[in-house]
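FYI, it's all coordinate maths here, none of it is from the lab. From a predicted model like this one, the values you see are computed outputs, not experimental measurements. Here Cβ is always computed from backbone atoms with ideal geometry, including for glycine, and neighbour counts include all displayed protein chains.
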Amino acid sequence: MSAWPNDRGIYAQLRKLADFIAKTRAEIGQLHPEDVKVEFITKATDELDAIVEATASATHRIMDAADLIMDAASKLPNGQSDQIMASVTSIYEACTFQDITGQRVTKIVGMLKTIEERLDRMVAALAESDVMGVPTAPTKLDGPSSDNAFIESREESDARLLNGPALPGRAHSQADIDAIFADGGKRR
Amino acid sequence: MTVDMKTPVLIVDDYATMLRIVRNLLKQIGFDNVDEASDGGRALQMMKLKKYGLVISDWNMQPMTGIELLRQVRADSDLKTTPFIMVTAESKTDNVIEARNAGVSNYIVKPFSSEILKGKISSVLGAF
């Protein structure tokens, strides 16, 4: 049977823990969390917004050109415009990339905001904690505080279904969707 | 049953680009009576003012999502039989099940082709 550590052993462990917390606090301080928040996260969000704006603008220009081609093709004699019309349709189809890109970027902006919030909470928790690093109040990261938190509202349930486009290889194809749909919504 | 190409169609999406793409694809298929709404709430208002023969809606919109629009349409005695196709990037099984349970007529995953759109419209409205 192993003996309980003596007072000196406990003190040594606590000392190590306190040193670790102090070191972590110092390291986080050196990271300049405010700089990360203001400089990097804000800049990254702005850059991503600019991507969406630029792709939207380019897409509209592509579609303006496709509209002109379609108008011109419609004036050609029957049969001569079929290939042109098919190609214009392909251009329209390809332009859906902008919608998918926008949704992906929105997802990334959401992730950056989550990082920002967690960074804020981590800094606040370290600032409020005593030398042993015990937070003075529970944070959202602690999870649900009551049983009621597990009862999902329709809004929460709907929000859970908003994931945006999945990565290639992880998304259901139209054929998969059709199969699920044909099954009458049975879970696979 | 064959598709009446004069059927009024309402497309709902918060991306202007997507509205334009779907409108153009519908035009190429032969539909020219097409209206647009940029969110579920606006779509519902428009549906109460004009009878649409088909609604093609995105899911991910604010403040009213496509699924909430679908539920409200199905709960409204005047609108509940309106054919409703969901066109969305949400491709998880849970989404398809939720939409089907809410009464969606068909489900298209983005990105999609003109042929897919035409096929799903045909499955809902009849042959071209």
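Tabulated values for the structure
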item: Two-decimal Rg to Rh for the protein assembly as shown - Kirkwood Rh, Cα set; result: 1.14
item: Per-residue mean of C-beta atoms belonging to partner chains within 10 Å, peptide A:91-103; result: 6
item: Over chain B: Kirkwood hydrodynamic radius from C-alpha pairwise inverse distances, Å; result: 14.3
item: Residue-count net charge about residue B:63 - beta-carbon cut-off 13 Å; Lys, Arg +1, Asp, Glu -1; result: -4
item: Relative contact order, percent, region A:31-137 [alpha-carbon distance under 8 Å, six or more residues apart]; result: 34
item: Share antiparallel - DSSP beta bridges, region B:1-90, percent rounded to 5; result: 0
item: Label point distance in nm, residue A:158-residue A:120, each placed 7 Å from Cα along Cα→Cβ; result: 2.5
item: In Hz, Karplus ³J(HN,Hα) per residue of region B:28-43 (6.51, -1.76, 1.60; θ = phi - 60°; x = Gly, Pro); result: 5, 6, x, 7, 10, 9, 10, 10, 10, 9, 9, 6, x, x, 5, 4
item: For residues of A:166-173, the mean tally of beta carbons on other chains within 10 Å; result: 3
item: Chain lengthening between residue A:80 and residue A:100 when straightened (0.36 nm per residue, less Cα-Cα); result: 3.9 nm
item: Once the Cα gyration tensor of region A:31-137 is diagonalised, semi-axes √(5λ) in Å; result: 53, 12, 6
item: The protein assembly as shown: calculated mean residue ellipticity at 222 nm from DSSP helix runs of at least 4, using -39500 (n - 2.57); result: -18000 deg cm²/dmol
item: Per-residue mean of C-beta atoms belonging to partner chains within 10 Å, peptide B:11-18; result: 5
item: Candidate lysines - alpha carbon under 22 Å from residue A:43, same-chain residues fewer than 8 apart omitted; result: A:107, A:113
item: Gap separating the Cα centres of region B:95-128 and region A:31-82, nearest whole Å; result: 26
